[in-house]
Amino acid sequence: MNQDEMKLAVAREALRYVVDDAWLGVGTGSTANFFIDELAKVKWRIKGAVASSVKTAERLKAHGIDVEELNNVQDIPVYIDGADEVTPQGAMIKGGGGALTREKIVAAVARRFVCIADQSKKVQRLGKFPVPVEVIPMARSYVARELVLLGGYPEWRMGFTTDNGNVILDVSDLTIEDPVAMEDRIRSIVGVVTVGLFARRRADVILLGTSDRVDTIVVGPRARIVE
Ligand code: 5RP
């Protein structure tokens, strides 16, 4: 399978985790887009979706899938989204598409996080992919200086504004020995809205597309398909 075929394969596999007659959390990115297109074929199964970005909401609506505000939804049994890097323990770097804040919020509400990715995203240690950090615009330079003190090399994602009206710093060269500690450390910098390290709220199950199959990596007790 090529990369797109892997994305399609994991998207199809993820349908097995969709809970009938419930709200579904839907992520952002090219893998999530494959999932949305597959979900459209069985849209009658779900109550509707909670989107992690404006782009995802638009794609869902274009398929005739109801999109609900998170504030009106109490229970999201499953959230399905891609990742830029994922470890076998389910820690992730996310936010390559800039939707990290809404992704983290929907993931926090969801009871189960199903990560869908092709095998190129699997790493033993996070940090080769630059860590996206969403920042309040007026704090950009200050936050960048603080990130340098952590050993990182922050780059302003020029010309990009998040759905929340903020900017993104992409931080390379970070040594991430303890993803939870690094997530907490970056989150504590004043002006940071969200860091794209998903170490506290990890994936519960990872569906990984390989050249000839989909591997299922069970991370947490919430990984099973049926409630
Ligand atoms: C968007 C994300 C995406 O999940 C991540 O960037 C992976 O995207 P893709 O499926 O296109 O590789 O976090 O903010």
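For residue 150 paired with residue 16, estimate the spin-label separation in nm (one decimal), with each label point 7 Å from Cα along the Cα-to-Cβ line.
3.7
Taking just the C-alpha trace of the range 64-172, give me its Rg and Dmax in Å.
Reported Rg and Dmax, both Å: 15.3, 48.
Counting only helical runs of four or more DSSP H residues, what would the 222 nm mean residue ellipticity of the chain come to if each run contributes -39,500 (n - 2.57) and the total is spread over all its residues?
My calculation for the chain gives -8000 deg cm²/dmol from helical runs alone.
What length, rounded to one decimal in nm, is gained on full extension from residue 108 through to residue 74, with 0.36 nm per residue of separation minus their alpha-carbon distance?
11.1 nm is the gain from fully extending residue 108 to residue 74.
If the cut-off is a Cα-Cα distance under 17 Å, which lysines reach residue 128, setting aside same-chain residues fewer than 8 apart in sequence?
94
With the cut-off at 24 Å, tell me which of the pairs 7/104; 7/55; 55/104; 43/122 have Cα atoms farther apart than that.
Result: 43/122 exceed 24 Å.
Provide, in order from the shortest bin, the percent of all Cα-Cα pairs of the range 1-45 in each 5 Å bin, continuing until the bin that contains the maximum pair distance.
5, 23, 34, 23, 10, 4, 1
Kindly provide log₁₀ I(q)/I(0) values, in the same order as q = 0.12, 0.13, 0.15 Å⁻¹, from the Debye equation applied to equal alpha-carbon scatterers of the chain.
-0.61, -0.71, -0.94
Just grab the label-to-label distance for residue 213 and residue 173, each label 7 Å out from Cα along the Cβ direction, in nm (one decimal).
According to this spin-label approximation, the distance is 4.2 nm.
What are the ³J(HN,Hα) couplings of the range 22-28, residue after residue, when phi is run through the Karplus curve with 6.51, -1.76, 1.60 and θ = phi - 60°? Round to Hz, x for glycine and proline.
Calculated HN-Hα couplings, in order: 10, 6, 10, x, 10, x, 10 Hz.
Just so you know, all these numbers are worked out from the coordinates, no wet-lab data involved. Quantities reported herein were computed from a predicted structural model and do not represent experimental measurements. Backbone-built Cβ (ideal geometry, glycine too); neighbour counts: all protein chains shown.
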